[in-house]
Amino acid sequence: MLRSFPDSVLIDGARATRSDRTFTALDYFDDLERSYLTSPFIRMETVPRATYTRRSLEVAFYDNFFGDPRVEWCREWERMETIADEQARRYGLGALDAFHVAAAYILGADEFVTTEKPQKPMYRSQLVRVIYLYG
């Protein structure tokens with residue numbers, strides 16, 4: 001089973017439009033050959049804003065994902081901080097992207113899946129294979 005850490009893919013999956021991107025994201029989450037990994041930082045990037053703006057279908061999608069007992073969480077705060085700081089300094093990652101990469105690494109992710117374009121600094125990291133969902 002592929003251990004997969006989704007980043008911004010969650011947002012595309014949660015926003016119920018009829019675009020090709022949404023269908024690709026939903027197919028990604030329906031893949032029975034993957035197990036999913038996450039961290040509190042991913043949750044904080046998604047749930048509060050959707051809740052504040054009253055996007056109830058989006059919130060329900062996130063609640064379903066984050067509430068799934070099969071989703072493995074990274075909560076090694078100090079280790080995440082140390083690794084994130086090193087990655088941000090070495091590769092120019094933004095703070096949250098550095099935490100996401102660190103969490104994926106700590107959890108032993110086979111892939112870090114994102115909708116961020118391949119020019120972004122997170123692709124420079126050598127800790128985990130970064131995959132562009134739409135590439």
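The values are calculated or read from the model by the stated rules, or taken from the named source; none is laboratory data. Since we're looking at a predicted model, the values are computed, not measured. A quick note on method: Cβ atoms are made from the backbone with ideal geometry, for glycine too, and the neighbour counts reach across all protein chains shown.
Considering region 25-58 alone, what residues qualify as being over 28 Å from Ala84 (Cβ atoms), surrounded by 14 or more Cβ atoms within 10 Å (Cβ to Cβ) and under 16 Å from the mean Cα position of the chain (by Cα)?
Kept after step one, since they are over 28 Å from Ala84 (Cβ atoms), are these residues of region 25-58: 26-27, 30, 32-33, 54-57.
From the residues that got through so far, the ones that are surrounded by 14 or more Cβ atoms within 10 Å (Cβ to Cβ) too are 26, 55.
Residue satisfying the conditions is Leu26 alone.
Only one of (1) modelled with pLDDT under 95; (2) under 23 Å from Lys117 (Cβ atoms) fails for Thr46. Which number is that?
(1)
Of the conditions (1) at positive phi; (2) at pLDDT below 95, Gly135 fails just one. Which one is it?
Unmet condition: (1).
On the basis of being touching a residue at least 60 places away in the same chain (Cβ under 8 Å), of a type outside the set (D, E, K, R) and under 14 Å from Phe5 (Cβ atoms), does Leu127 make the cut? Write out each step before concluding.
Numbers: touching a residue at least 60 places away in the same chain (Cβ under 8 Å): no; of a type outside the set (D, E, K, R): yes; under 14 Å from Phe5 (Cβ atoms): yes.
Considered against the rule, which asks whether it is touching a residue at least 60 places away in the same chain (Cβ under 8 Å), of a type outside the set (D, E, K, R) and under 14 Å from Phe5 (Cβ atoms), Leu127 comes out as no.
Does Asp7 meet the test of being in contact with a His (Cβ under 6 Å, 6 or more places away or on another chain) and either within 17 Å of Ile131 (Cα to Cα) or surrounded by 13 or more Cβ atoms within 10 Å (Cβ to Cβ) (or both)?
Numbers: in contact with a His (Cβ under 6 Å, 6 or more places away or on another chain): yes; either within 17 Å of Ile131 (Cα to Cα) or surrounded by 13 or more Cβ atoms within 10 Å (Cβ to Cβ) (or both): yes.
When the stated conditions are applied, Asp7 passes them.
Only one of Trp77, Trp73 is touching a Pro at 6+ places or on another chain (Cβ under 8 Å) and at negative phi. Can you tell me which? Step through it out loud before you land on a result.
Values: Trp77 fails: touching a Pro at 6+ places or on another chain (Cβ under 8 Å).
It is Trp73.
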